[in-house]
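The structure appears right after this line, and notes come after that.
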Amino acid sequence: MSKNKKNENSIRLLDHEYDGIREYDQHLPNWWLFTLYGAIVFSVANWFFYFQTNPFDTDVTRLHAEMKVLQNAQTAASLKMLNDEVLWKQSRNPDFVEAGRATFTTTCVPCHGAQLLGGIGPNLTDKVWIHGGRPTQMFNTIVKGAYAPTGEPTAMQAWGPILGSRKIAELVAFILSHHDTIEIQPAETSVPAQ
Ligand code: HEC
């Protein structure tokens, strides 16, 4: 008796019948079962390695890392281009000033007042500057926050990590739009990297 013959005899015909179609009680072929169980084992291993322990970089983490490098390079490049003259010019540009006004209204008004005349924080429209009236000095004060001479932080926190340099440049433009001239004429004019 050949192997095929034996198989045919041992396969049971199932009881049900649909439109004249009958079904054998066949075992699934081993190669098929192998791919099924293989896929299950692979999915568990894949889930464990990539989503639980993550010992290797995924494409997504690699992409994020590369984007960060690019963004840092861009920020550094745009910060190098920021100087007193550029910031002053931006303060004569209504789009920049308006954008700065929007951020100032939501973030800075409680301490500096809607008219920038001061309250908890100092007046930003007069010619008196604790931390320097040059546009780049203002930019730095807003990015890094203000410290007392003793090194103690003041109520003026560092806004750099929260707002980013673009919004801060707009804020400087908005403050400078209340001034006709730069109070202290610029000496050195580039903003140190954050
Ligand atoms: C919680 C209150 C508070 C908030 C909110 C605040 N500031 Fe200030 N700010 C201060 C204080 C207080 C000082 C003065 C610090 C000191 O005495 O050295 C100051 C100082 C400054 C200075 C320097 C002034 C000078 O005379 O040199 C600038 C510029 C400034 N703030 C801009 C901003 C901007 C822009 C925002 C919004 C992003 C903001 N501040 C939000 C409290 C605040």
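Of the whole protein surface, His16 contributes about 70 Å² of accessible area at a 1.4 Å probe radius.
In what sequence, largest accessible area first, do Leu116, Leu70 appear using a 1.4 Å probe?
Leu70, Leu116
Once a ≥ b ≥ c are taken as the square roots of the eigenvalues of the Cα gyration tensor of segment 94-152, is the result rounded (a/c under 1.5), prolate (a/b larger than b/c) or oblate (a/b not larger than b/c)? Prolate, because a/c is 1.5 or more and a/b exceeds b/c. If you fit an axis through the alpha-carbon atoms of helix 94-107 and take the longest principal axis of the Cα set of the chain, what angle between them do you get, 0 to 90°, nearest 10? Value to nearest ten degrees: 80. As I understand it, the dipole of segment 13-142 uses +1 on the Cβ of Lys and Arg and -1 on the Cβ of Asp and Glu, about the Cα centre. Which of Asn140, Thr75, Ala45 lies farthest toward its positive end? About the Cα centre, the residue reaching furthest to the positive side is Asn140. Phi angles of segment 34-51 translate, via the Karplus equation with coefficients 6.51, -1.76, 1.60 and θ = phi - 60°, into HN-Hα couplings of 4, 5, 5, 5, x, 5, 5, 4, 4, 5, 5, 4, 4, 4, 5, 6, 8, 10 Hz per residue; Gly and Pro are given as x.
A crude spin-label estimate for the pair Asp126 and Phe56, with each label 7 Å from Cα along the Cβ direction, gives 6.5 nm.
Nothing charged except the Cβ atoms of Lys and Arg (+1) and of Asp and Glu (-1): what's the magnitude of the dipole of the chain about its Cα centre? Round to the nearest 20 debye. Each step should come with its number before you reach the end.
Working: 16 positive and 19 negative charges, 70 e Å.
Value, rounded to 20: 340 debye.
Solvent-accessible area of the chain (1.4 angstrom probe, protein heavy atoms only): carbon and sulfur portion equals 60 percent. Semi-axis lengths, largest first, of the ellipsoid equivalent to the chain are 73, 19, 16 Å, with √(5λ) applied to each eigenvalue of the Cα gyration tensor. Counting 0.36 nm for each residue step from Thr154 to Phe42 and taking away their Cα separation leaves a gain of 34.7 nm. Entry note, the chain: relative contact order of 22 percent, from Cα contacts under 8 Å with a spacing of 6+ residues. Segment 96-148 to segment 151-182: how many Å between their Cα centroids? Segment 96-148 and segment 151-182 have Cα centres separated by 5 Å. Straight-distance candidates among the aspartates and glutamates for linking to Lys68, with alpha-carbon spacing under 20 Å and chain neighbours fewer than 8 residues away dropped: Asp57, Asp59. Extension gain, Tyr147-Thr106: 0.36 nm per intervening residue step, less the Cα-Cα distance, totals 12.5 nm. In straight-distance terms, cross-link reach from Lys127 covers every one of the aspartates and glutamates whose alpha-carbon lies under 19 Å from its own, apart from those fewer than eight places away in the same chain; here that gives Asp84, Glu85, Asp180, Glu183. Rolling a 1.4 Å probe over the protein heavy atoms gives segment 49-127 an accessible area of 70 Å² per residue.
The values are calculated or read from the model by the stated rules, or taken from the named source; none is laboratory data. What you see is a predicted model; the values in this text were computed from it and never measured. A quick note on method: Cβ atoms are made from the backbone with ideal geometry, for glycine too, and the neighbour counts reach across all protein chains shown. These area figures cover heavy atoms from the full protein model, side chains too; ligands, DNA and RNA do not enter into them. Shrake-Rupley method; radii C 1.70, N 1.55, O 1.52, S 1.80 Å.
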